[in-house]
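Step one of this worksheet: look at the structure below.
The values are calculated or read from the model by the stated rules, or taken from the named source; none is laboratory data. For clarity, every value in this text was computed on a predicted model and none was experimentally measured. Positions of Cβ are generated from backbone atoms using ideal geometry, with glycine treated the same way; all protein chains shown enter the neighbour counts. Accessible surface is based on the protein model in full, side chains and every heavy atom, while ligands, DNA and RNA are left aside. Shrake-Rupley method; radii C 1.70, N 1.55, O 1.52, S 1.80 Å.
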Amino acid sequence: DTEVTQTPKHLVMGMTNKKSLKCEQHMGHRAMYWYKQKAKKPPELMFVYSYEKLSINESVPSRFSPECPNSSLLNLHLHALQPEDSALYLCASSQGGTGLNEKLFFGSGTQLSVL
Amino acid sequence: AQSVTQLDSQVPVFEEAPVELRCNYSSSVSVYLFWYVQYPNQGLQLLLKYLSGSTLVKGINGFEAEFNKSQTSFHLRKPSVHISDTAEYFCAVTPRGYNKLIFGAGTRLAVHP
């Protein structure tokens, strides 16, 4: 299994809602990532988990809350989002360790619309 | 700090023609270099990477790239493109020792029959 699976594929939510994005991989990877991608823009790193611990937080607003319950799962909890948060949210994984010298495996993303 | 510049936002080309997508980077430390491709409504896939050694690297789908340290460039090439190569191509760098991939703005390759 060389896939990163993201659910849901599409999500529409209001500004007062609470929702969660889920990401799963069974490749034994120990580093997992959340990226945000606006239309026609490159992905922007949000968070990196290494060995289930948060190692990078790119100054992301607190309305985005990541969680890594175990080495295969990565969640992104959403609360009180703004319309400008509408984007494609990509999860990725890599083998892990210090330094990113191997490929990232990306999921297909969750297309989020905030109304 | 590191940055990546992709000089062309769009590259139109006819099928079976050669193509070059340009990428330049800036960094005060050594970096690893990558090219990723994104097809519509999908995540990104790695085409190729340069870590060290030979400056010409070959990737999937017939793509190759050449690392030029003096020009801080990592241009992507394919001798003959297909319609199916139509996609967004991202050049990316990561500083050695860090788990942080920094993407360029992307180049939209449009292959026409």
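Summary table
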{"quantity": "Residue selected from region A:28-52 under the condition part of a strand (DSSP E or B) and more than 9 Å from chain B (Cβ to nearest Cβ), by the criterion most open to solvent (accessible area, probe 1.4 Å)", "calculated": "A:36"}
{"quantity": "Unmet criterion (only one of (1) within 29 Å of residue B:87 (Cα to Cα); (2) of a type in the set (A, V, I, L, M, F, W, C); (3) without any contact (Cβ under 8 Å) to a residue 24 or more places away in the chain) for residue A:56", "calculated": "(1)"}
{"quantity": "Qualifying residue in region B:13-31 (condition: at positive phi and either in contact (Cβ under 8 Å) with a residue 60 or more places away in the chain or within 14 Å of another protein chain (Cβ to nearest Cβ) (or both))", "calculated": "yes"}
{"quantity": "Within region B:28-44, considering residues that are surrounded by fewer than 17 Cβ atoms within 10 Å (Cβ to Cβ) and not β-branched (Val, Ile, Thr), the one nearest to residue B:92 (Cα to Cα)", "calculated": "B:30"}
{"quantity": "In region A:53-82, the residues that are assigned to a strand (DSSP E or B) and buried (at least 19 other Cβ atoms within 10 Å of the Cβ)", "calculated": "A:64, A:66, A:74, A:76, A:78"}
{"quantity": "Number of the condition not met by residue B:90 [criteria: (1) crowded, with 21+ Cβ neighbours inside 10 Å; (2) at pLDDT 95 or above; (3) closer than 13 Å to residue B:23 by Cβ; (4) more than 8 Å from chain A (Cβ to nearest Cβ)]", "calculated": "(4)"}
{"quantity": "Only one of A:58, A:44 that is over 20 Å from residue B:40 (Cβ atoms) and among the acidic types (Asp, Glu)", "calculated": "A:58"}
{"quantity": "Which listed residue, of B:83, B:102, is within 11 Å of chain A (Cβ to nearest Cβ), out of contact with any Pro (no Cβ under 6 Å at 6 or more places or on another chain) and either surrounded by 18 or more Cβ atoms within 10 Å (Cβ to Cβ) or hydrophobic (A, V, I, L, M, F, W, C) (or both)", "calculated": "B:102"}
